[in-house]
Amino acid sequence: MKCPKCQFDNPDATNFCGKCGMPLTADARMADSLTKTLATPLLVIAKDKLIAGKYRIIEEIGRGGMGVVYKAEDLQLQRCVALKFLPPHLMDFPELRERFLIEARAAASLSHPNICVIHEVGESEEHPYIAMEYVEGETFRDRIRKGPLKPEDALGIISQVAAGLGEAHNKGIIHRDIKSANIMVTTKGQAKVMDFGLAKLHGGSSLTKSRTTLGTVAYMSPEQARGGDLDQRTDIWSLGVVFYEMLAGQLPFRGDHDQAVIHSILHREPTPPSKIQAGLPSGLDDIVRRALAKNATERYQTMEELRGDLEAVAEGLKPLRAKRRAGKNIFGLNVAGLSRAALAVLLILFGLNIGGFRDRVFGRKALAEPAIKLAILPLRNLTGDPAQEFMSDGITEELAAQLGRLNPQSLRLIGRTTVMRYKKGEIPLDQIGRELGVNYILEGSIQREANRIRVSADLIHVGDQTQIWSDTFEQELSGILAVQSQLARSVAKALAVKLLPAEEARLASARTVNPEAYEAYLKGYSLWKTMKPADLDAAQRFFDQALEKDPSYAPAFAGLAWVWMARQQREFVPPLEAVPKAKAAVLQAILLDDNSPVAHEALAGVLSWGEWDWAGAEPEWKRALELDPNSANAHAYYAHFLAIRGRADEGLRHSELAIKLDPMNALYHGLHAVFLQYLRRYDDVLAAARTALSLQPDLPFALGVFQDVYIIKGMREEQLADQRLRIARDPERLAAFERGLAEAGYE
């Protein structure tokens with residue numbers, strides 16, 4: 001396609017000229033004119049107008065390409081909200097109306113303190129609206145107009161935004177319109193990402209039928225300006241532009257008109273921020289340069305990578321917490337009067353990082369982002385027998401358990417529930433990699449003939465789709481544990497994950513197993529986690545069968561402990577019966593295998609919620625996480641343990657990490673909702689519970705929090721409606737409920 005202005009020959013799918021930036025297609029010209037049309041002020045809704053019978057309009061507070069926003073009073077809950085409406089002159093465009101509603105669905109599924117909370121989606125007089133959190137504060141754009149930010153302030157705020165966007169990316173949602181006007185900073189310094197109006201969900205259909213270039217020109221990534229396919233790296237570019245603005249006080253790509261800006265984005269390198277604002281800390285130019293790499297493969301690949309570099313630079317800007325006094329000061333500690341021997345001890349502690357001393361001195365997080373993020377896809381069952389699916393699923397999980405116990409500073413492993421969604425193998429590996437935020441994928445198959453099994457595996461680097469390792473392991477089923485250990489060692493070597501001597505010894509000492517005991521255990525393990533009565537009964541039968549075949553098989557004892565604890569937690573069995581049986585089983589498991597993370601996790605659960613022995617439980621939680629630092633289950637429940645002990649702030653990172661490790665697991669989102677109650681973050685509680693219920697509509701943990709939060713927040717109508725919904729299938733109970741309300745004087 002030739003440019004009518006400069007005659008440059010562009011690819012057919014391009015919207016803007018790669019040489020001069022001139023719009024080439026009707027879509028591009030429409031987008032440009034649409035933006036200009038929407039800039040015209042239009043009074044849409046009058047002050048004090050009542051919307052949906054409960055929102056009273058106070059004033060207009062903003063407008064943009066995808067909507068007009070009003071401050072309103074929620075008369076029922078007596079709080080301020082922001083109401084966003086699609087402009088009236090766009091209501092006749094079904095495509096834009098659809099995109100407006102998709103914005104709400106995308107944002108409502110997100111639960112993060114740095115993302116604006118969606119309260120409700122509704123319609124008033126045929127006008128769809130979104131009721132969202134009203135954020136007191138100012139936009140980045142208004143704040144930047146006052147001048148460049150201090151580097152430490154810019155780093156803190158941009159890291160918050162990256163955290164929020166990282167949460168969206170982990171759920172397959174790309175914002176596509178990150179700019180300074182779409183980010184708010186509250187009066188308390190909290191950043192909030194607003195306006196998912198151009199959001200794109202991975203795996204879903206495009207929000208527009210045309211290839212119209214969307215977004216605000218100055219913040220567009222090169223691939224977005226060209227009208228190409230987008231992934232999370234387009235948000236990384238746009239956030240890089242915002243970061244540049246904060247540091248330099250001006251945009252990196254400028255021009256007298258849109259075409260000139262696009263030409264600059266495609267062809268010019270921005271002036272380093274340090275050349276504009278002298279005295280910026282070293283490292284900031286490098287972060288900006290990498291975030292604004294024109295080739296997406298050379299850019300930060302995830303928000304987690306970006307945050308890692310931001311935090312590294314921020315460490316050097318933190319003031320010393322201890323006040324300086326006379327005498328030398330080392331590592332922020334006053335050492336005046338210390339003997340040479342005491343100083344020597346401090347230096348040893350620091351140099352060897354014993355007990356995490358060095359990390360505590362510099363305030364580093366214990367759960368740092370690892371360099372390698374791996375997903376093990378469900379092994380394909382090549383036996384031709386659907387009844388053998390439990391075998392392929394079980395071996396997949398056992399292999400994940402082996403790899404999950406490797407160095408947590410080097411490797412993060414995505415959990416079982418999330419990867420099981422890719423079992424059918426219909427989604428390309430590069431898309432899976434983007435959706436899960438991983439840089440490596442292990443895929444393979446199993447083939448079984450009688451008591452002999454063959455496991456084949458391929459390790460793929462997601463970025464360039466190259467196979468970096470492949471092998472096949474064949475063995476009698478009794479040697480399956482040795483096969484898994486050998487496979488784990490091979491993958492660790494291919495990924496250059498350094499094995500500690502203890503890990504090497506553990507992988508080399510895999511025992512043989514009775515094939516029938518192993519099969520029975522895998523069947524039981526596949527059932528107990530549903531926590532349904534019939535499945536728990538069946539799981540117990542399978543674990544008992546495993547122990548009949550091999551009385552020394554430790555995992556089966558651990559499985560029995562989980563069965564009895566699940567029965568106690570769901571109140572299927574009285575604690576006086578369940579707890580002693582659970583504890584006896586788990587102690588036997590540990591006696592047989594003291595290095596079993598599952599057994600120590602089960603014992604921690606028994607002590608925490610069976611015997612309420614908190615002092616005895618904490619060492620078991622720590623031991624379980626030491627043995628398997630990638631156990632999402634252990635992190636989720638340890639978070640609750642810490643909350644019970646009054647250490648919810650400490651537990652938050654464990655609850656969030658459980659979701660990172662297994663992002664599509666409804667149970668962990670439900671537990672996170674319960675956990676957030678301890679922090680009194682009630683809007684976040686409801687958002688997390690809705691996410692959990694979107695994954696599993698009958699999840700008890702998620703259903704239970706709604707009543708609590710509605711009562712705490714005085715949301716009487718919502719609480720009664722939720723209660724009625726819960727008992728609607730029992731007419732007698734519902735009738736009794738209504739009689740009780742009437743007799744108590746409630747309408």
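The values are calculated or read from the model by the stated rules, or taken from the named source; none is laboratory data. Computed from a prediction, not measured in an experiment: that's the story for all the values here. A quick note on method: Cβ atoms are made from the backbone with ideal geometry, for glycine too, and the neighbour counts reach across all protein chains shown. What goes into the accessible areas is simple: the full protein's heavy atoms, side chains included, and nothing from ligands, DNA or RNA. Shrake-Rupley method; radii C 1.70, N 1.55, O 1.52, S 1.80 Å.
Applying the selection to the range 641-653, what residues are touching a residue at least 24 places away in the same chain (Cβ under 8 Å) and buried (at least 21 other Cβ atoms within 10 Å of the Cβ)?
Scanning the range 641-653 gives 641, 643, 651.
At pLDDT 80 or above, in contact with a strand residue (DSSP E or B) (Cβ under 8 Å, 6 or more places away or on another chain) and assigned to a loop (DSSP other than H, G, I, E, B) - does that describe any residue in the range 203-211?
No - not one qualifying residue is present in the range 203-211.
Go over the candidates 118, 174, 183 one by one and state the one that is at pLDDT below 85, within 25 Å of the chain's Cα centre (by Cα), crowded, with 22+ Cβ neighbours inside 10 Å and among the hydrophobic types (A, V, I, L, M, F, W, C).
None of the other options fit; the residue is 118.
What tally of residues in the range 697-728 results from selecting those that are basic (Lys, Arg) and closer than 21 Å to residue 571 by Cα?
Matching residues across the range 697-728 total 1.
Taking into account only those residues within the range 458-480 that are of a type in the set (A, V, I, L, M) and in contact (Cβ under 8 Å) with a residue 40 or more places away in the chain, which is farthest from residue 433 (Cα to Cα)?
Per the stated criteria, the residue is 477.
What do you reckon, is residue 214 at pLDDT below 85, part of a loop (DSSP other than H, G, I, E, B), in contact with a strand residue (DSSP E or B) (Cβ under 7 Å, 6 or more places away or on another chain) and aliphatic (A, V, I, L, M)?
In short, no.
Could you please find all residues in the range 677-721 being of a type outside the set (S, T, N, Q), part of a loop (DSSP other than H, G, I, E, B) and either at pLDDT 80 or above or open to solvent by 60 Å² or more (accessible area, probe 1.4 Å) (or both)?
Within the range 677-721, 679, 680, 681, 697, 698, 713, 714, 715 qualify.
Mind checking whether some residue in the range 97-113 is in contact with a strand residue (DSSP E or B) (Cβ under 6 Å, 6 or more places away or on another chain), buried (at least 16 other Cβ atoms within 10 Å of the Cβ), modelled with pLDDT of 85 or more and not in a loop (DSSP other than H, G, I, E, B)?
The answer is no; no qualifying residue exists.
If the requirement is being in contact with a Gly (Cβ under 8 Å, 6 or more places away or on another chain) and either over 30 Å from residue 516 (Cα atoms) or at pLDDT 75 or above (or both), which of these qualifies: 361, 438?
361
Tally time: how many residues in the range 246-263 are modelled with pLDDT of 85 or more and of a type in the set (S, T, N, Q)?
1
State whether the residues of the range 598-608 include one that is of a type in the set (A, V, I, L, M) and touching a Phe, Trp or Tyr at 6+ places or on another chain (Cβ under 6 Å).
yes
When residue 288 is evaluated against the numbered criteria (1) in a helix (DSSP H, G or I); (2) without any contact (Cβ under 8 Å) to a residue 24 or more places away in the chain, which criterion, by number, is the only one it fails?
(2)
Would you call residue 146 more than 20 Å from the chain's Cα centre (by Cα) and without any contact (Cβ under 8 Å) to a residue 60 or more places away in the chain?
yes
Can you name the number of the only condition in (1) of a type outside the set (A, V, I, L, M); (2) in contact with a Ser or Thr (Cβ under 9 Å, 6 or more places away or on another chain); (3) surrounded by fewer than 22 Cβ atoms within 10 Å (Cβ to Cβ) that residue 663 fails?
(3)
Could you tell me which of the residues 727, 659 is of a type outside the set (Asp, Glu) and at pLDDT 80 or above?
659
Taking the range 223-240, which residues are in a helix (DSSP H, G or I) and at pLDDT below 90?
223, 224, 225
Any chance you could count how many residues in the range 403-416 are more than 18 Å from residue 170 (Cβ to Cβ) and modelled with pLDDT under 75?
Within the range 403-416, residues that are more than 18 Å from residue 170 (Cβ to Cβ) and modelled with pLDDT under 75 number 7.
Take the residues of the range 229-285 that are free of Cβ contacts under 8 Å to residues at least 40 places away in the same chain and aliphatic (A, V, I, L, M): which is surrounded by the fewest Cβ atoms within 10 Å (Cβ to Cβ)?
Checked the range 229-285; the qualifying residue surrounded by the fewest Cβ atoms within 10 Å (Cβ to Cβ) is 278.
With respect to residue 571, is the statement that it is out of contact with any helix residue (DSSP H, G or I) (no Cβ under 6 Å at 6 or more places or on another chain) and on the phi > 0 side of the Ramachandran plot true?
yes
Any idea which of (1) free of Cβ contacts under 8 Å to residues at least 24 places away in the same chain; (2) under 23 Å from residue 477 (Cα atoms) is the one residue 589 doesn't satisfy?
Of everything listed in (1) free of Cβ contacts under 8 Å to residues at least 24 places away in the same chain; (2) under 23 Å from residue 477 (Cα atoms), residue 589 misses just condition (1).
For the range 434-474: of the residues being open to solvent by 50 Å² or more (accessible area, probe 1.4 Å) and touching an Asp or Glu at 6+ places or on another chain (Cβ under 8 Å), which is farthest from residue 486 (Cα to Cα)?
434
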